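Quick notes on the structure that follows.
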Amino acid sequence: MARTSAREPEAADAAGVDSVRLARADRRGVLLDAAAELVAAGDVEAVSMEAVAERAGVSRPLVYKHFANRSDLLAAVYQRESALLHAELTTDVSAAETLEETFRALIHGALRAQASRGATFAALRAAGLRTRARREEQRQRDRTTLRYFAGQAVREFGLDRPRAKAAVAILLGAIDAALAQWRARPTRDHAALLEDTYVSLAMGGLEQLSRERERAMGGDRGVGLLD
């Protein structure tokens, strides 16, 4: 019995060490969570190292161990939130099987994100947190999205790639207009209306381009036969 009781404190100590190590590994994420919550709750200017420490339940020196200053902290928040949003949209879009489902997944996810994270992104952009590096990162994501959607338009509608890329670029750019419409009337019913309207315009436009291409190709074949 004595040996058993002697081991129990050792096991407890080991568990405590593992808990501390886990906490340290996750602490940066906890601090970013706290900062993001503060940004979403009010004025980004009210976010300070002290406020983040208090919300996360840690000391201010600990915050400085992970971030050099307030700007570094907020830039990390912007980077993480952007990456999370991109990952969510990518997952939704990748699960779609048709181009129509793909456009619907994109606009639905964008509207959902606007409702849940729109205030956070607006505050961070207003504070100048969209740095040159972040803008280039977003441009790269946009290029990847454009290639993916254009490839589907080529396969489903038989469009040539230049026309498909031009059309898809315009349609993707219209996402911002839809989000602006939602912000003017942020209701669930309005979001559903915007989603359906966007998808109808996207598919209708691509179908029209496909018909025009078929007519042009038919006309080219007709000239060949007459010759």
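Extension gain for ALA68-GLU45 works out to 6.6 nm (0.36 nm per residue, less the C-alpha to C-alpha distance). Accessible area of GLU54 (1.4 Å probe, protein heavy atoms only, ligands and nucleic acids ignored): about 150 Å². Extending 7 Å from the Cα toward the beta-carbon at both LEU84 and LEU201 defines two label points whose distance is 3.0 nm.
Remark: spin-label model distance ALA192-GLU54 equals 4.2 nm, labels positioned 7 Å along the Cα→Cβ axis. The stretch 76-94 and the stretch 133-150 have Cα centres separated by 12 Å.
The Rg/Rh ratio for the stretch 22-133 is 1.06, where Rg is the radius of gyration of the alpha carbons and Rh is the Kirkwood radius.
Here GLU137 and ARG211 are evaluated by their C-beta separation; at R0 = 35 Å the FRET efficiency comes out at 0.40.
Which loop GluC sites (Glu not before Pro) in the stretch 92-130, with loop taken from DSSP, have no more than 13 other Cβ atoms within 10 angstrom of their Cβ? Provide the component values of the computation, followed by the final result.
Values: sites: GLU97, GLU100, GLU101; in loops: GLU97.
Of the GluC sites (Glu not before Pro), the ones in loops of the stretch 92-130 whose Cβ has at most 13 other Cβ atoms within 10 Å are GLU97.
The values are calculated or read from the model by the stated rules, or taken from the named source; none is laboratory data. Not measured: the values here are computed from a predicted model. FYI the Cβ positions are ideal-geometry reconstructions off the backbone, even for glycines, and counts take in every protein chain you see. When the accessible area is computed, the model is the full protein with side chains, heavy atoms only, and any ligands, DNA or RNA have been set aside. Shrake-Rupley method; radii C 1.70, N 1.55, O 1.52, S 1.80 Å.
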